[in-house]
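Working notes, structure below.
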Amino acid sequence: MRPQKLPDTRTISLTSLTLVAFASNSVLTRLALAPRLIDAGMFTFVRLLSGAIALTILLAIRERRLGAFHIRWASALSLFVYAAPFSFAYLRITAGTGALILFGAVQATMIGWDLLQGRRLNAAELIGFILAVGGLVILTLPGTAAPDLIGAALMLIAGVAWGTYSLLGVRVPDPLRATASNFMLSLVYAVPLAALTMGDWNVSSHGLLLAITSGALASGVGYAVWYTALRGLSSTRAGIVQLLVPVLAALGGVVVLDETITMRLVVSGAIIFAGVALAMVGIRRR
């Protein structure tokens, strides 16, 4: 087997920037919602709206015209079902725990889909899948160090939705246009959510700024940069480097939010990382 060419400096820089952006979503959301600077429903709406605006601007800059949007309601719904529970989960759990549950659920969903489709996994993929799911189970088992059950369940839903969104977008020919379209269409669901939570509205200028930053920069621009970085990464490397996202989110939680890292989080995180990395190796071999 010929050795893979190492990514160039530009790809490494773009990948690093993207990973920081993805991890920042957890930190920014927790930073806004933990002290109730903004309510979760409004945060979701503002995040999706600002992401849609940022992506539309990037699309217009790229093509010097706006053009037609892609209408994919299933993808837009999956995006919303990710974003809303993501926000409400961070009312209850820490940034690092949330990112770890989200990441593990995404990977388990995508590998689990292969199983449901009847695709035979090799030994590495199967063991990796079992380890990843086992790590999530260990993390959420009842106990003094366990995360809030409702918060963990909401983040699991968000992870499954994001995994589904990723599966729906695997063969999209123009990822930037598709993502901009999905963010725009997701507002059809986000507006009613904001209206339903009107009684809990608590929008401070600081909370609003955090939601806009999460949507426009960490989400919108972050996804656009990620698609550019993917051109220089193999699928295996792309999957493995994302292992760093929960680590960066946990470190950001410690530095910015003064959160603590429990031994349960470390152990379950190591098991999940090992499982996903092993699954990636198995996919590469196949």
Restricting attention to region 223-258, which residues are out of contact with any Phe, Trp or Tyr (no Cβ under 6 Å at 6 or more places or on another chain), at pLDDT below 85 and not in a helix (DSSP H, G or I)? Arg231, Gly232, Leu233, Ser234, Gln242
Taking Trp73 as the residue in question, decide whether it is of a type in the set (Phe, Trp, Tyr), surrounded by fewer than 19 Cβ atoms within 10 Å (Cβ to Cβ) and within 26 Å of Ala194 (Cβ to Cβ). yes
Please determine whether any residue of region 31-48 is among the hydroxyl-bearing types (Ser, Thr, Tyr), buried (at least 24 other Cβ atoms within 10 Å of the Cβ), in contact (Cβ under 8 Å) with a residue 24 or more places away in the chain and part of a helix (DSSP H, G or I). yes
When you go through (1) farther than 21 Å from Thr94 by Cα; (2) free of Cβ contacts under 8 Å to residues at least 24 places away in the same chain; (3) not aliphatic (A, V, I, L, M) one by one for Ser186, which number turns out not to apply? (2)
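Of everything in region 174-185 that's more than 20 Å from Ala105 (Cβ to Cβ) and among the polar types (S, T, N, Q), which residue is surrounded by the fewest Cβ atoms within 10 Å (Cβ to Cβ)? Before the answer, list the steps.
To start, the set of residues in region 174-185 that are more than 20 Å from Ala105 (Cβ to Cβ) comprises 174-181, 183-185.
Applying the additional criterion that residues be among the polar types (S, T, N, Q) yields 179, 181.
Numbers: Thr179: 27, Ser181: 23.
Restricting to residues being more than 20 Å from Ala105 (Cβ to Cβ) and among the polar types (S, T, N, Q), the top hit is Ser181.
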Filtering region 115-173 down to residues that are over 22 Å from Ala83 (Cα atoms), surrounded by 12 or more Cβ atoms within 10 Å (Cβ to Cβ) and of a type outside the set (A, V, I, L, M) yields Asn122, Glu125, Gly128, Phe129, Gly134, Gly135
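With over 22 Å from the mean Cα position of the chain (by Cα) and either hydrophobic (A, V, I, L, M, F, W, C) or within 24 Å of Val247 (Cα to Cα) (or both) as the only criterion, which of Leu154, Leu141 stands out?
Leu141
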Kindly check whether there is at least one residue in region 147-159 that is free of Cβ contacts under 8 Å to residues at least 12 places away in the same chain and assigned to a loop (DSSP other than H, G, I, E, B). no
All but one of (1) within 22 Å of Val276 (Cβ to Cβ); (2) assigned to a helix (DSSP H, G or I); (3) modelled with pLDDT under 85 hold for Val20, so report the exception by its number. (3)
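State all residues of region 110-125 that are in contact (Cβ under 8 Å) with a residue 12 or more places away in the chain and among the hydrophobic types (A, V, I, L, M, F, W, C); if no residue qualifies, say none. It would help to see each step written out before you state the result.
To start, the set of residues in region 110-125 that are in contact (Cβ under 8 Å) with a residue 12 or more places away in the chain comprises 110-113, 115, 121-125.
The answer is Met110, Ile111, Trp113, Leu115, Leu121, Ala123, Ala124.
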Residue check, Val81 under 20 Å from Leu193 (Cα atoms), surrounded by fewer than 22 Cβ atoms within 10 Å (Cβ to Cβ) and in contact (Cβ under 8 Å) with a residue 24 or more places away in the chain: yes
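With Gly220, Gly199 as the choices, which residue is small (Gly, Ala, Ser), modelled with pLDDT under 95 and surrounded by fewer than 17 Cβ atoms within 10 Å (Cβ to Cβ)?
On the way: Gly220 fails: surrounded by fewer than 17 Cβ atoms within 10 Å (Cβ to Cβ).
Unique residue meeting the criteria: Gly199.
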For Pro192, indicate whether it is within 17 Å of Val81 (Cα to Cα) and free of Cβ contacts under 8 Å to residues at least 40 places away in the same chain. yes
Does at least one position in region 103-124 carry a residue that is among the β-branched types (Val, Ile, Thr), over 13 Å from the mean Cα position of the chain (by Cα) and more than 23 Å from Asn182 (Cα to Cα)? yes
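The values are calculated or read from the model by the stated rules, or taken from the named source; none is laboratory data. All values derive from a computational prediction rather than experimental measurement. Every residue, glycine as well, gets a Cβ built from its backbone with ideal geometry; the counts of neighbours run over all protein chains shown.
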